[in-house]
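Student: Mind looking over this structure? Questions follow.
The values are calculated or read from the model by the stated rules, or taken from the named source; none is laboratory data. None of the values given here were measured: they were computed from a predicted structure. Using ideal geometry, Cβ is built from the backbone for each residue, glycine included, and neighbour counts are taken over all protein chains shown.
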């Protein structure tokens, strides 16, 4: 049986578009959620960053609130530094992680 790539699904593309809308600078250019750079200023462009990792929280992989546009530098740094990642998310997006974890519990059928 062939395994499908969820990153190519219509649902994921729609979630990504919704999550990126506040960072849209026009002409398909997006701003990093953590720094003032716009994708044309960054060699690798903007990547999709999951606040709660897909491996640990698969129920949130397509949730727009869990997705952020970030530059390659920040994506790589926060993937390698989980403590700094948590601090940056709490600074820039207060209470977002707790909201996502509550949403995950409700998606999985656990009481609030």
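Student: Please go through segment 16-45 and give me each residue that is under 18 Å from residue 78 (Cβ atoms), surrounded by fewer than 18 Cβ atoms within 10 Å (Cβ to Cβ), at pLDDT 75 or above and touching a helix residue (DSSP H, G or I) at 6+ places or on another chain (Cβ under 7 Å), ordered by number.
Tutor: 35, 45
Student: Right, another one. Go through segment 70-112 residue by residue and tally those that are in contact with a strand residue (DSSP E or B) (Cβ under 8 Å, 6 or more places away or on another chain) and assigned to a helix (DSSP H, G or I).
Tutor: The qualifying residues number 4.
Student: Please go through segment 1-14 and give me each residue that is surrounded by 12 or more Cβ atoms within 10 Å (Cβ to Cβ) and modelled with pLDDT under 85, ordered by number.
Tutor: Passing the criteria: 6, 7, 9, 12, 13.
Student: Suppose we filter segment 81-100 for residues that are under 14 Å from the mean Cα position of the chain (by Cα) and exposed (fewer than 13 other Cβ atoms within 10 Å of the Cβ); how many remain?
Tutor: Qualifying residue count for the region: 1.
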